Amino acid sequence: MTYRERIVPFTAGDGMALNLIHLQGDTPPTKGPVILVHGAGVRANIFRAPVATGIVDLLIAAGYDVWLENWRACIDLQPNLWTLDQAAVHDHPYAVRTIVKETGADHLKALIHCQGSTSFMMSAVAGLVPEVRTIVSNAVSLHPVVPWWSNVKLKLAVPVLARITQWLNCQWGLEAPTPLARFIQRWVNLTHHECHNPVCKQVSFTYGAGFPALWRHQNLDEGTHDWLKHEFAWVPVRFFQQISRCVSAGHLVAVEKFPELPADFTAAPPRTDARFAFFAGEKNRCFLPESQVRTHAFFDRLRPGYHTLHLVPEYSHLDVFMGDRAARDVLPRMVEELDRTA
């Protein structure tokens, strides 16, 4: 599908320069805007994998006005020591307001993934994005649960890394410019033999406990697997320190003292009336599907039957968007959830 692309800059609440990518097809949208929010260490382009039909194609075909948010975790920006708190307070609310201003719509929908999901959920639970009425969340939201080996890495390796570096970078698989980068590159090559893609192996080392961790190789075609080499880069160790605290607590916790955010995001009912649809690949080795099961249970107790949960067999973390059969197996269900009225 062909579509028009427009870059819309916006300024975050703390002055950081960010942007939205506005995508429209050949005919005007018949439905309202939807914002797509990427995860950590990537960029909005992650939703535009070189597959025959992707999520952007399906959303435009369904009549949506599509907006991709590049928040402060975007690898196209200068590396910065972001936290989920900063994104929740300064990025997502201002992105939503920009879309409202640009479109004239009084509300919109959201499709959020991984740390775009956790940070956007923080915004929603804190009542900072009241314009968003429907939210489709993939992989993890309020209750991060990780494999046991990931928990070991968070508890033992992250404190050591934090003393010697501020960053990890999956591009070290291609070019290792420092002694630490070369050490990690060699360690990953020694311990990961699942494929010949050096960035794919770095991604598994960095973000999970699998071989690979963020997708199943059998779900990706060769072109997409190769394309991924350029879609992962820097991520601050500070993020892993925060997610380690969240995993230990069993739910998201704030690490900065923003008055807009609660310290515990599960201690009180969420300040949002949005309807949530939670998705998780059953083979996810970054965040276990139990993450979304727990969050759905939390919301279902407060409003029984209002929210939905989808556990997707034979899929992992990111292949739900870029698998060569995802347009048949997964993505139509996400569009259906966006289409549903309360």
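The values are calculated or read from the model by the stated rules, or taken from the named source; none is laboratory data. None of these values were measured; they are calculated from a predicted model. Neighbour counts are summed over all protein chains in view; Cβ atoms, including those assigned to glycine, are modelled from backbone coordinates with ideal geometry. For accessibility, only protein heavy atoms count, side chains too; no ligands or nucleic acids. Shrake-Rupley method; radii C 1.70, N 1.55, O 1.52, S 1.80 Å.
Observations, loosely collected:
- The simple spin-label model puts a point 7 Å past each Cα toward its Cβ; for residue 226 and residue 293 those points are separated by 3.9 nm.
- The spacing between the range 216-245 and the range 294-333, judged by their C-alpha centroids, is 20 Å.
- In the full protein context, the chain carries 40 Å² of accessible surface per residue, based on a 1.4 Å probe and ignoring ligands, DNA and RNA.
- Förster radius 30 Å - calculated FRET efficiency between residue 17 and residue 193 (Cβ-Cβ, nearest 0.05): 0.15
- Normalising the average separation of contacting C-alpha pairs (under 8 angstrom, six or more residues apart) by the number of residues puts the relative contact order of the chain at 21 percent.
- Between residue 156 and residue 106, the C-beta separation translates, for a Förster distance of 41 Å, into a calculated FRET efficiency of about 0.25.
- Solvent-accessible surface of protein heavy atoms, probed at 1.4 angstrom with all chains present, puts 109, 283 in the order 283, 109, largest first.
- For residue 302, the shell of other residues with beta-carbons less than 13 Å away shows a net charge of +2, using +1 for Lys and Arg and -1 for Asp and Glu.
- Counting 0.36 nm for each residue step from residue 180 to residue 217 and taking away their Cα separation leaves a gain of 10.5 nm.
- Candidates 317, 268, 164 compared by Cα position along the dipole of the chain: farthest toward the positive end lies 164, with charges placed on Cβ.
- Three-way shape call for the range 232-342 based on the alpha-carbon gyration tensor, with the a/c threshold at 1.5: oblate
- Placing +1 on the Cβ of every Lys and Arg and -1 on the Cβ of every Asp and Glu, with nothing else charged, gives the range 102-200 a dipole about its Cα centre of roughly 480 debye.
- Per atom type, the chain shows carbon and sulfur on 54% of its accessible surface, probed at 1.4 Å.
- Size of charge dipole - the chain - debye, nearest 20, with Cβ of Lys, Arg +1 and Asp, Glu -1, no other charges: 780 debye
- Added length on full extension, which subtracts the Cα-Cα distance from 0.36 nm per residue, residue 2 to residue 336: 118.0 nm
- Sorting 205, 232 by solvent-accessible area of protein heavy atoms yields 205, 232, largest first, with a 1.4 Å probe.
- Restricting attention to the chain, the count of lysine pairs at 8 or more positions apart or across chains with alpha carbons under 21 Å apart stands at 7.
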